[in-house]
């Protein structure tokens, strides 16, 4: 089917690609890790603030 | 309540799958030689193979997940998405004999606006060139494998989609959308 279409038409596939998916996954994981680090820092800051009685 | 971007991505995915199974791709693909008005809207939902559809669905879901993680607003996400989709239309004038189908330029547009939102964690001076190089790199590798430079045309569309998303980011800031 695909071969037939390709023969009859000059097709430009607008395809995100598995490479694009891999890159998006890496960025997503990085963002999630950074957010977790940020959350952890906020929690630690609040714990210290509480311990100091502020 | 489900996130609006998740609902939008799910709706696009459902339409993509429905169009793929209900109509042959060539009936909705956009080309100058076989131009039909409805193709201007529908080409982004048409896919030529299961793999083509699958890759775009995976890309859409990952980009939506990234946008949700970064709290990108629905309005901005959709603006970049559709700007990325429709930037392909004028570009088609460069390739009068070609037919286009798929929503990857839209996904790259949405990815660009998400990456701008992530700039507090990783600068767009790193991510934007990284994505552009990645688009070109994959294509060049594919071309070497195929023995000829075949994928460059789709790269022009993808880079334009990504640039449209980056442009959407700028215009949102300027116009306070």
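None of the figures in this text is laboratory data; all of them are computed from the coordinates on show. Computed from a prediction, not measured in an experiment: that's the story for all the values here. Neighbour counts run over all protein chains shown; Cβ positions are idealised from the backbone, glycine included.
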Exercise. May I ask you to derive the FRET efficiency for residue A:18 and residue A:46 from their Cβ-Cβ distance with R0 = 45 Å, giving the value to the nearest 0.05?
Key: 0.60
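Peptide A:24-35: average number of partner chain Cβ atoms within 10 Å per residue? Please report the intermediate quantities before stating the final value.
Values: counts 15, 4, 2, 14, 10, 1, 5, 11, 3, 1, 5, 3.
If you average over the peptide's residues, the count of other-chain Cβ atoms is 6.
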Quiz item: Which of these, B:113, B:159, B:122, has the largest mean-square fluctuation under a Gaussian network model of chain B (Cα springs below 10 Å)?
Solution: B:122
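Under 8 Å for C-alpha pairs, at least 6 residues apart: give me the relative contact order for chain B, rounded to a whole percent.
On the way: 233 pairs, mean separation 44.7, N = 177.
That works out to 25 percent.
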Quiz prompt | Residue with peak Gaussian network fluctuation, chain B [Cα springs, cutoff 10 Å], from B:32, B:57, B:83 | solution = B:32
Self-check item: Other protein chain Cβ atoms within 10 Å, averaged over every residue that makes up B:17-26
Solution: 1
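Packing-wise, with mean Cβ within 10 Å as the measure, how do A:40-46, B:89-95 rank, highest first? Walk me through the numbers before you get to the answer.
Working: A:40-46: 10.0, B:89-95: 13.4.
Top of the packing list down: B:89-95, A:40-46.
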Quiz item: Ranked highest first by average number of other Cβ atoms within 10 Å, how do B:124-132, A:23-31 line up?
Solution: A:23-31, B:124-132
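If each DSSP helix of 4+ residues adds -39,500 (n - 2.57) and the sum is divided by the residues in the protein assembly as shown, what number results at 222 nm, nearest 500 deg cm²/dmol?
Numbers: 11 runs with 167 residues, N = 231.
Helix contribution divided over all residues of the protein assembly as shown: -23500 deg cm²/dmol.
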Exercise. Extending each Cα 7 Å along its Cβ direction at residue B:143 and residue B:37, get the distance between those two points in nm, one decimal.
Key: 3.9 nm
Quiz item: For chain B, what number results from the quotient of the Cα radius of gyration and 2.2 N^0.38 Å?
Solution: 1.02
Quiz item: To the nearest whole number, what is the average tally of beta carbon atoms from other chains within 10 Å of the beta carbons of peptide B:67-76?
Solution: 1
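How much length is gained on full extension from residue B:51 to residue B:3, taking 0.36 nm per residue of separation minus their Cα-Cα distance?
Values: separation 48, 0.36 × 48 = 17.28 nm, distance 2.74 nm.
Length gained, residue B:51 through residue B:3: 14.5 nm.
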Quiz item: For the protein assembly as shown, what are the per-bin percents of Cα-Cα distances with bins 5 Å wide, up to the bin holding the maximum?
Solution: 1, 7, 14, 18, 18, 15, 10, 6, 4, 2, 2, 1, 1, 1, 0, 0
